[in-house]
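Notes to accompany the following structure.
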Amino acid sequence: MSVSVSGNYFDGKSSRRIPVRLSSVDQSLHLTGEGIDRIVPPVLLNIMEPMGKTHRRILFRDGGYCEIAPMENPENLLAALGHRESREVSWQFNIKAVLVSLVLSTTALALLYYYALPQFTTWTANRIHPHFMDKASEETLSTLDKQLLRPSLLSRERQQSLENRLQLLLATAPAISEFTFTLQFRSAPSIGPNAFALPNGSIILLDELTRLLDDDEIVAVLAHEIGHVSARDGLRQLIQGSLVGAITAWYIGDASSLLASLPAAALSTRYSRTMESEADHYGAILLIGQHISPNLLADALRKLQDIQQSKASDFVYFSSHPLTADRIRQLRQFKAP
């Protein structure tokens, strides 16, 4: 039985549209129109997959093609020509197959995000050369200095005192020779009380934090930051948050796309609860080694939380170090030296 539909023919050489009639004749396509009368066997046709409600397109070997509107039911003509849609195309128009595919893909993405991605970022972070960490940290600090940070107004005497306290902490820390820990003093009224570590071990300490905490509490915060750096938490989070940029940089051999994202990420990175708990534990051990009570870190966290709640700021310490009651309770459980 012959099937016939209307369509438009394009020769592939000009934009001229020619109305034509497409019919099936012995499973071959019969094309008729103004100046056109040709019969083409199916093996010489390339039938494009359906794309929603758009026109169905049939390609010819000479570069010409026909378009058939959905209202013409092109599927009837194609069936008469012996064409069968692929299994994948059939699934696209099967609601059950679409739902199953959606569930499976969502499950796969969840598994990748919660299991595969953390393992991949940890593996990657542990293999990044120290030279890259130095370069990334330098670029980040340089950009922050231009955009957000100001020179510190802290007295040189207090700066030196805090630097000495940091070195005492490091003297009792496990071997972490790949990092060079330094204190960088800055001011940032628009940010508020904050301290954050860069991948190479540079710890940025803001004046606003030094006015809120006493030196022992600041040392407790530094111990916590050392824990993050030693576990490469910041680097892992930066890689995870910039995974597409990192893959692109690796593929084209250009780290600029990843480096460009570091300044904003350095202030917005949110550590996982596990990372925070591990950094707290690491810091508590360092503090005990210096005969300092880990309760000081809990006290510092409480003060910072009060500032966060009173100012409702997005930039205070816990925008990147989320506070939980569990963290404070766990720190209180450490026995004071």
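The values are calculated or read from the model by the stated rules, or taken from the named source; none is laboratory data. Quick caveat, the model's predicted, so the values are computed rather than measured. A quick note on method: Cβ atoms are made from the backbone with ideal geometry, for glycine too, and the neighbour counts reach across all protein chains shown.
Find the residue count for the stretch 4-18, including only residues that are in a strand (DSSP E or B) and within 16 Å of residue 60 (Cα to Cα).
Of the residues in the stretch 4-18, the ones in a strand (DSSP E or B) are 4-10, 18.
Still in the list and also within 16 Å of residue 60 (Cα to Cα): 7-10, 18.
Summing the residues that are in a strand (DSSP E or B) and within 16 Å of residue 60 (Cα to Cα) in the stretch 4-18 gives 5.
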> With respect to residue 216, is the statement that it is surrounded by fewer than 24 Cβ atoms within 10 Å (Cβ to Cβ), touching a strand residue (DSSP E or B) at 6+ places or on another chain (Cβ under 7 Å) and on the phi < 0 side of the Ramachandran plot true?
Replying inline: no
With the first residue restricted to the stretch 33-60 and required to be more than 17 Å from residue 75 (Cα to Cα) and not assigned by TED's automatic domain parsing to the domain that holds residue 17, and the second required to be acidic (Asp, Glu) and surrounded by 14 or more Cβ atoms within 10 Å (Cβ to Cβ), Cβ contacts under 6 Å at 6 or more apart or on different chains are none
Evaluate the stretch 190-208: report whether one residue or more is at pLDDT below 95, more than 23 Å from residue 280 (Cβ to Cβ) and in the same structural domain as residue 289 (by TED's automatic domain parsing).
yes
The residue from 103, 89 that alone is loosely packed, with under 15 Cβ neighbours inside 10 Å, under 30 Å from residue 22 (Cα atoms) and at pLDDT below 85 is 89
Residue 300: passes all of (1) within 23 Å of residue 149 (Cβ to Cβ); (2) modelled with pLDDT under 90; (3) among the aliphatic types (A, V, I, L, M) but (2)
Among helices (runs of 4 or more DSSP H) completely within the stretch 118-232, the ones holding 3 or more residues that are free of Cβ contacts under 8 Å to residues at least 12 places away in the same chain are 130-147, 156-171
